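Taking it in order: structure first as structure tokens, then the write-up.
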Amino acid sequence: MKTAKVDVLLGLQWGDEGKGKVVDVLTPDYDVVARFQGGPNAGHTLEFEGKKYVLRSIPSGIFQGDKTNIIGNGVVLAPDLFMDEAKDLEKSGYNIPERLMLSKKIHLIMPTHRVLDAAYEAAKGKNKVGTTGKGIGPTYTDKTSRNGLRLGDIFCNFEEKYAAHKARHEEMLRALNYTDYDITEVEKHWMEGIEYLRNFKIIDSEHEINKLLEDGKSMLCEGAQGTMLDVDFGSYPFVTSSNTICAGACSGLGVGPNKIGEVYGIMKAYCTRVGAGPFPTELFDETGAKMRAIGHEYGAVTGRERRCGWIDLVALRYAIIVNGVTQLIMMKSDVLDTFPTIKACVAYKQNGVEIDHFPYSIEEGIEPIYKELPGWQCDMTKMTSESQFPQQFKDYISFLEAELKTPIKIISIGPDREQTIVRALHEAEG
């Protein structure tokens, strides 16, 4: 039997594009949903049947009872936060241990990783990255320095390994002169999370995944954050600690690049960013505040205000290239329903010179060059087909497809699962 392809779904901006909802919408077409990177700093929000769910580590296919869900080796996991998340879902009637498998090679976020996260941010002074304080960065640092604690370690001398890693972290904290902390209660809850994890099927995920593909099972891989937060290709150093791009699906799950099929790139009809870092199209006026209010732009995990701005096509073209995006998905189109004019950044002026490519640094000397388009100024949230779209919105779609040279396949016009319109691909390309 021919090995099935792996489709990948990822964010093209600075995260928060709405990946969770799209995975939930697409899941019925797949047998397996796998998460390939990131940690519990990223929240995927899903709304359906009058309820709202926020997933942090668990794949968004968990709500479909007949699907296999896998957390891959590229993910870093906090046992206590994972337990809380899973138990919340169990209260809603979902049997999580029955539906979810975890890789033995997942790296564990220890309580001391969170303290190190805070210590490193404090040491940066005014140059803070703006992390969520969940310990993700220090955990990936331990991973790449070959000092990590992995999920598979719970089966062999775990207490001894944990104590050694904790002692090393405490020594690092003393060197940073960061000693005013108490993890007693957090550590107790963390250990309860370790025991809870023993209820799950903990697997050699690379073998399991490739066996599923050989058996002809279709697989959708989901990442966290967005392309512009990729540790290699994002707005460094204001990035996350893992590869959020499509290549991360290969290293984060153990699948070869020749097995990648469709690459779905998700973007908002505008742009947002959480935390510190450059944001060329950010709006500091009433327009930006209006976007935030209408779009409920607050972090799903942290509650932090998201910075808002017009869509950045320079950054999007770059994200499409580094990911090999084959189809685009545009979220939150309805947020722009009331704006009389829509702007799109088509190029940058960098130190007085116009450029249309994404440069090495966007921290200083970047001025967005905008194209203005007429707004549609009507409520699209109740629309059920593309034929109902106002002409101005159709023109906006056509403009984006021409600029990005990639078809927009799916359009979201509201947070609910039902507020999703799939376009005929030939129409999207035409």
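The values are calculated or read from the model by the stated rules, or taken from the named source; none is laboratory data. Everything quoted here is computed from the prediction, not taken from an experiment. For neighbour counting, all protein chains shown are included, and Cβ atoms are generated from backbone atoms with ideal geometry for every residue, glycine included. Protein only, heavy atoms only, side chains kept; ligands, DNA and RNA dropped before computing areas. Shrake-Rupley method; radii C 1.70, N 1.55, O 1.52, S 1.80 Å.
The overall shape of the stretch 5-89 is rounded: from the C-alpha gyration tensor, with semi-axes ordered a ≥ b ≥ c, the ratio a/c is less than 1.5.
Net length available on complete extension from Gln377 to Asp180 is 65.5 nm, with 0.36 nm assigned per residue and the Cα-Cα distance removed.
Size check on the chain: the Cα extents along the three principal axes, sorted descending, read 65, 54, 40 Å. Could you run the Debye sum over the Cα atoms of the stretch 248-325, one equal point scatterer each and no solvent, and tell me log10 of I(q)/I(0) at q = 0.17 Å⁻¹, two decimals? So the normalised log intensities work out to -0.79. Using just its DSSP H runs of length 4 or more, each adding -39500 (n - 2.57), the chain gives a mean residue ellipticity at 222 nm of -9500 deg cm²/dmol after division by all residues. Distance between the 7 Å Cα→Cβ label points at Ile321 and Asp84: 4.2 nm. Sum up the charges of everything whose Cβ sits under 12 Å from the Cβ of His107, counting Lys and Arg as +1 and Asp and Glu as -1, but leave His107 out. Surrounding charge for His107 is +3. The candidates Lys104, Lys188, Lys409, arranged from most to least accessible area with a 1.4 Å probe in the full protein assembly, appear as Lys188, Lys104, Lys409. Among residues other than Gly288 with Cβ under 13 Å from its Cβ, the summed charge is +1 (Lys and Arg +1, Asp and Glu -1). Relative contact order of the chain: what whole-number percent is it, with Cα pairs under 8 angstrom and at least 6 residues apart? It comes to 20 percent, rounded to a whole number. Look at the dipole of the stretch 49-186 built from charges on Cβ: of Met83, Tyr162, Ile106, the Cα furthest out on the positive end belongs to Ile106. Working note: Karplus 6.51/-1.76/1.60 with θ = phi - 60° gives the stretch 397-403 the couplings 4, 4, 4, 5, 5, 5, 5 Hz, where Gly and Pro are set to x. When the square roots of the Cα gyration tensor eigenvalues are ordered a ≥ b ≥ c, the ratio a/c for the stretch 80-162 is 1.5 or more and a/b does not exceed b/c, which makes its shape oblate. Using only the C-alpha atoms, the convex hull of the stretch 283-430 corresponds to 135 Å³ per residue. Proximity of backbone amide H atoms, modeled 1.01 Å from N, is registered between Ile260 and Val6 at under 5 Å, excluding neighbours fewer than 5 places apart on the same chain. Summing +1 for each Lys or Arg and -1 for each Asp or Glu among the other residues whose beta-carbon sits under 13 angstrom from that of Gly256 gives 0. Where both bridge residues fall in the chain, DSSP classifies roughly 40% of the beta bridges as antiparallel. Applied to the stretch 271-279, the Karplus parametrisation 6.51 cos²θ - 1.76 cosθ + 1.60 on θ = phi - 60° returns per-residue 3J(HN,Hα) values of 8, 9, 8, 10, x, 7, x, x, 8 Hz, with x for Gly and Pro. Checking the cross-link pairs Lys52/Lys394; Lys211/Lys259; Lys268/Lys394; Lys52/Lys143 against a 23 Å limit on the alpha carbon distance flags Lys52/Lys394; Lys52/Lys143 as lying beyond it. Averaging the Cα positions of each part gives two centres, and for the stretch 1-32 and the stretch 267-304 these lie 24 Å apart. Each residue of the stretch 281-288 is assigned a 3J(HN,Hα), and the resulting list reads 9, 4, 10, 10, 9, 5, 4, x Hz, derived from the Karplus form 6.51 cos²θ - 1.76 cosθ + 1.60 (θ = phi - 60°), x at Gly and Pro. The solvent-accessible area of Cys156, taken with every protein chain present and a 1.4 Å probe, is close to 70 Å². For Tyr298, the residues whose modelled amide H falls within less than 5 Å of its own, excluding neighbours fewer than 5 places apart on the same chain, are Arg306. Connecting C-alpha atoms closer than 10 Å in a GNM of the chain, tell me which of Ala402, Ala347, Ala175 has the biggest fluctuation. Largest GNM mean-square fluctuation: Ala175. A dipole drawn for the chain from +1 and -1 charges on Cβ atoms has a positive end, and of Asn199, Gln377, Gly50 the residue lying farthest that way is Asn199.
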